[in-house]
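The structure appears right after this line, and notes come after that.
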C-alpha cells in the first residue's frame, strides 16, 4: 500500500515547486522594477500553472486511491 503515499508525496512536492515557479514569475515584473515585461513573465507562469494542474491531479488521484484501498481493507 505504498503506491498512494508515493503518489501523494510526489504530487505534493511538484505542486509546491510549480506553485513557487508560477508565483515568482508573476512577481518578476514588480521585483525587477519594470526591466522584465509581463510577456516575459508569462514564459514562467504558463508552464508553472500547467505543472500545478498536473500535480494537483496526481494528489487527488492519490487521495482517491488511498480511500478506495482503505475501504477495501475494512471490508476484508
| field | Qualifying positions in the range 14-43 - within 19 Å of residue 57 (Cβ to Cβ) and surrounded by 13 or more Cβ atoms within 10 Å (Cβ to Cβ) | value | 14, 15, 17, 18, 19, 21, 22
| said: So if I check each of 16, 42, 8, 31, which one is modelled with pLDDT of 90 or more and within 30 Å of residue 73 (Cα to Cα)? | reply: 8
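The values are calculated or read from the model by the stated rules, or taken from the named source; none is laboratory data. This one's a predicted model, so the numbers in the text were calculated from it and none came from an experiment. All Cβ positions, even for glycine, are placed from backbone atoms using ideal geometry, and neighbour counts span all protein chains on display.
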